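Asks: Sharing a structure, written as structure tokens. Questions coming.
Derivation of every value follows stated rules applied to the coordinates shown; laboratory data play no part. Just so you know, these numbers come straight off a predicted model, no measurement behind them. Ideal geometry is used to build each Cβ from the backbone, glycine not excepted, and the neighbour counts take in all protein chains shown.
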Amino acid sequence: MDRIEKFLKKVNRKEKEILRDTMKHIYAKEFNMLSIKKIEGYDRCYRVRKGEFRLIFYMKNDCVRIISVDRKDDNTYRKLK
């Protein structure tokens with residue numbers, strides 16, 4: 001089981017629905033409804049802020065890969081290194 005699935009099992013049903021909906025928008029490249037920002041120091045790496053959650057993804061050409069889904073804390077972006 002990957003880290004994202006494991007994290008989604010820990011959150012309540014409402015939060016899970018919000019996160020899954022956000023992930024659908026990321027995979028469909030519908031960024032107009034999302035709070036998206038490029039992560040400094042990383043090429044083609046972005047974050048989406050959804051409440052207290054951060055979804056970090058990599059985008060190159062037509063390929064989108066979600067790297068991390070986690071609650072915002074002091075270590076959210078350190079996990080990328």
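Asks: Please report, to two decimal places, log10 I(q)/I(0) for the chain at q = 0.16, 0.20, 0.25 Å⁻¹ as given by the Debye formula with identical point scatterers on the Cα atoms and no solvent.
Replies: Rounded to two decimals, the profile gives -0.57, -0.92, -1.44.
Asks: So what are the ³J(HN,Hα) numbers for region 56-73, from phi and the Karplus equation (6.51, -1.76, 1.60; θ = phi - 60°), rounded to whole Hz, Gly and Pro as x?
Replies: Once θ is set to phi - 60°, the couplings for region 56-73 become 10, 9, 10, 9, 9, 6, 9, 9, 10, 10, 7, 8, 8, 10, 7, 6, 5, 8 Hz.
Asks: Treating only the Cβ of Lys, Arg, Asp and Glu as charged (+1, +1, -1, -1), what charge dipole size does the chain show about its Cα centre? Round to the nearest 20 debye.
Replies: Once rounded to the nearest 20, the dipole reads 160 debye.
Asks: Using only DSSP helix segments of four residues or longer, with each worth -39500 (n - 2.57), what per-residue ellipticity at 222 nm results for the chain after dividing by its residue count and rounding to 500?
Replies: -8500 deg cm²/dmol
Asks: Considering amide H positions built from the backbone, and no H for Pro or chain starts, which residues 5 or more places from Val11, or on another chain, come under 5 Å of its amide H?
Replies: It is none; the list stays empty.
Asks: Picking from Leu19, Leu55, Leu34, which is most flexible by a Gaussian network model of the chain using Cα springs under 10 Å?
Replies: Greatest mean-square fluctuation among the candidates belongs to Leu34.
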